[in-house]
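Take a look at the structure set out below.
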Amino acid sequence: MTGLTRRRFLIGSTLGVSALALSGCDRLEQNPEVGGVIRSAEKLTMRAQRLLLGRDALAREFAETDISPAFRVNGTSAPDSEAYAQLAEGNFAHWRLKIDGLVDRPLELSLADLKKLPARTQITRHDCVEGWSAIAKWTGVPLGSLLAASGLKPTARFAVFHCADELEKTLDGSGQYYESIDLIDAFHPQTILAYRMNDQDLSVGHGAPLRLRVERQLGYKQAKYIMRIAIVDSFAALWGGNGGFWEDRGYEWYAGI
Ligand SMILES: Nc1nc2c(c(=O)[nH]1)N[C@H]1C(S)=C(S)[C@@H](COP(=O)(O)O)O[C@H]1N2
Ligand SMILES: [Mo]
């Protein structure tokens with residue numbers, strides 16, 4: 001081999017390698033799964049930007065002086081199960097929040113774990129569909145930060161909250177309280193998993209140890225007694241298929257206010 005041909009040979013093989021890498025890259029983008037990841041990342045960026053720029057999308061926050069002297073307990077006032085009673089008895093030290101489903105890293109967090117994480121406090125008005133409202137101060141962990149830590153899979157679309165209580169005794173268990181929200185609401189800055197209300201640990205009546213605050217929606221979306229959050233691409237297979245206990249009984253899934 002002469003010097004020149006050897007050089008040509010080397011250039012040729014280098015080109016060959018990068019051409020291969022390029023075509024590999026092409027093939028990667030054509031792969032529907034990878035294409036989906038890129039497209040959904042783009043969608044997430046778009047959503048995050050809309051949330052950050054659209055300040056009017058925040059629910060109104062109030063002053064300490066606006067806090068209602070009384071806040072009704074509505075729906076379940078204490079879950080009627082031996083398992084819950086035991087958890088409450090032990091001050092929820094043995095309770096664990098599970099986050100699973102379409103995530104890369106399922107999480108199991110104790111109340112102490114949650115309390116160590118960066119928290120958000122907000123004073124907001126709760127509006128029940130039955131026609132009463134009350135203002136309270138809520139402290140908890142932004143749901144979005146937990147979902148980010150769990151690593152959502154590209155197919156993730158909804159967060160489903162499974163609660164400890166049965167609001168209606170049914171043979172098939174469909175009286176179990178549950179709720180769901182989409183990722184836009186899940187990552188909204190005011191969407192928190194609250195463990196404190198008006199500077200006190202959340203009482204059993206108001207959903208101890210953990211309840212959802214999703215401030216741009218009505219009262220029945222504010223799931224109390226959360227045990228598990230499942231990330232899903234559809235809630236069609238759950239109970240009545242409408243994404244929530246009240247939704248299965250005819251209420252709107254998106255209960256915007
Ligand atoms: N697990 C669970 N979450 C629930 C309910 C319930 O019965 N069980 N009731 C809903 C309704 S209709 C309202 S208005 C609020 C009431 O919350 P409060 O008891 O703190 O007022 O919780 C919502 N979340
Ligand atoms: Mo409600």
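The values are calculated or read from the model by the stated rules, or taken from the named source; none is laboratory data. No experiment lies behind these values; they were computed from the predicted model shown. Every residue, glycine as well, gets a Cβ built from its backbone with ideal geometry; the counts of neighbours run over all protein chains shown. Calculation scope for accessible area: heavy atoms of the full protein, side chains included, ligands and nucleic acids excluded. Shrake-Rupley method; radii C 1.70, N 1.55, O 1.52, S 1.80 Å.
For the pair residue 249 and residue 85, the difference between a 0.36 nm per residue extended length and the Cα-Cα distance amounts to 56.3 nm. Can you give the Rg to Rh ratio of the stretch 193-241, both from alpha-carbon atoms, with Rh computed by the Kirkwood formula? Computed over Cα atoms, the ratio is 1.04. Expressed as a whole percent, the accessible surface of the stretch 101-196 that belongs to carbon and sulfur atoms is 54, based on a 1.4 Å probe.
Overall shape of the stretch 145-257 was characterised from the C-alpha gyration tensor. The equivalent ellipsoid obtained from it has semi-axes of 20, 19, 13 Å, in decreasing order. Based on the Kirkwood approach, the hydrodynamic radius assigned to the stretch 143-191 is 12.4 Å, with every pair of different Cα atoms included.
Each residue, residue 93 and residue 105, gets one label point 7 Å from its Cα in the Cβ direction; the gap between the two is 2.8 nm. Taking one quarter of the surface of the convex hull spanned by the alpha-carbon atoms of the stretch 71-189 gives a direction-averaged projected area of 8.9 nm².
For the modelled label position 7 Å from the Cα of residue 61 along Cα-to-Cβ, which residues of the stretch 91-129 have backbone nitrogen atoms closer than 14 Å? Those under the cut-off are 119-125.
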